[in-house]
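The values are calculated or read from the model by the stated rules, or taken from the named source; none is laboratory data. Everything quoted here is computed from the prediction, not taken from an experiment. Using ideal geometry, Cβ is built from the backbone for each residue, glycine included, and neighbour counts are taken over all protein chains shown. Keep in mind that these areas ignore ligands, DNA and RNA; they rest on the heavy atoms of the full protein, side chains included. Shrake-Rupley method; radii C 1.70, N 1.55, O 1.52, S 1.80 Å.
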Amino acid sequence: MKFLLLLVVVWVAVWAWRSGRLANAQPKQKTKPPSQPQDMVSCTLCGVHFPQADAVPGRNGPYCCTEHQQRAES
């Protein structure tokens, strides 16, 4: 019985040592800094809000896609 108890204690110690070693061996992932807020605009045709960088410019204002620009300006 003592041998079984000693075997379990050794097994737990080896498992704990390996778990700690493997956790330290994995490269730490660097988190990206949060992106800066972007100006939001709304589509002149449908009213959907989206980043200004994605806007399709038109005569009547910004559009969310070229299809809406063509439909509104035709």
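Odds and ends about this structure:
- Each residue was assigned an accessible area with a 1.4 Å probe, and for residue 18 the value is about 110 Å².
- Contour minus Cα-Cα distance for residue 13 and residue 60 (0.36 nm per residue): 9.7 nm
- When all protein chains stay in place and ligands, DNA and RNA are ignored, the 1.4 Å accessible-area order of 49, 68, largest first, is 49, 68.
- Debye, to nearest 20: dipole size of the chain, +1 on Lys, Arg Cβ, -1 on Asp, Glu Cβ: 800
- Cα principal axis extents for the chain, largest first, Å: 89, 23, 14
- Residue-averaged 222 nm ellipticity for the chain, from DSSP H runs of 4+ at -39500 (n - 2.57), nearest 500: -14500 deg cm²/dmol
- Solvent-accessible area, 1.4 Å probe, carbon plus sulfur percent, for the chain: 61
- Computed from the Cβ-Cβ distance with R0 of 30 Å, the FRET efficiency linking residue 52 to residue 30 stands at 0.55.
- Note that the chain presents 91 Å² accessible area per residue, ligands and nucleic acids not counted, probe 1.4 Å.
- Between residue 42 and residue 70, the simple label model (points 7 Å from Cα in the Cβ direction) yields a spacing of 2.6 nm.
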